[in-house]
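Visitor: Just dropping this structure here.
Just so you know, all these numbers are worked out from the coordinates, no wet-lab data involved. Remember, it's a predicted structure, so these values are computed and weren't measured experimentally. Cβ placement follows ideal geometry from the backbone for every residue including glycine, while neighbour counts extend to all protein chains displayed.
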Amino acid sequence: MEIHVDQTNPSPLYEQIATQIADQILSGQLQPGAELPSIRKLASDLVISVITIKRAYQELESKGLIVTRPGIGSRVAEFTAADLHAMKLKKLRQQLRDVVRHAQQLQVDGDTLQKLLRDIIYESEDGRYE
């Protein structure tokens, strides 16, 4: 598992860590049952506070992505293919909400935003979106 934190990034460190771990779980890089580094080990590796790692793990646990057992440690949660698909769609939905919010801030109307999305889909893989 590879994690990078950016002290200049405005996102809190725990959020950067939780997002990277979640992305690795959703992409299949971290499989169900995979053991995560201990809180102390990851804090030491990243040279940040144990509290920061603990908060990242708590975020992941609250989303159902990991399970933590005292004395055993943290592991990627077991879930079905349908659960994984639902989690991916939930993440994508949130990202699209962020895009819509940003478009509104830029005063881009819905029709223009839809056209941009269609153009981007068309540009990807010669218009084949699977």
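Visitor: Given the options GLY28, GLY110, GLY73, which has the most mean-square fluctuation in a GNM of the chain, springs set between C-alpha atoms less than 10 angstrom apart?
Guide: Between GLY28, GLY110, GLY73, it is GLY110 that shows the largest mean-square fluctuation.
Visitor: Once you keep just the Cα pairs under 8 angstrom separated by 6 or more residues, what percentage relative contact order results for the chain?
Guide: 20
Visitor: Which number gives the lysine pairs in the chain that have C-alpha atoms under 16 Å apart and are eight or more places apart or on different chains?
Guide: Value for the chain: 5.
Visitor: Further, regarding this structure: Using volume of the Cα convex hull per residue in Å³ as the read-out, say which of (i) 96; (ii) 176; (iii) 138 was calculated from these coordinates.
Guide: Looking at volume of the Cα convex hull per residue in Å³ for this model, the match is (iii).
Visitor: Something else now. Summing -39500 (n - 2.57) over the DSSP H runs of n ≥ 4 in the chain and dividing by its residue number, what mean residue ellipticity at 222 nm do you reach, to the nearest 500 deg cm²/dmol?
Guide: Theoretical 222 nm ellipticity from helices: -18500 deg cm²/dmol.
Visitor: Something else now. Taking the Cα centre of the stretch 1-115 as the origin, how large is its charge dipole in debye, to the nearest 20, when only Lys and Arg (+1) and Asp and Glu (-1) carry charge on their Cβ atoms?
Guide: 240
Visitor: Another question, then. Taking R0 as 35 Å, what FRET efficiency do you get between GLU61 and ILE120 from their Cβ-Cβ distance, rounded to the nearest 0.05?
Guide: 0.55
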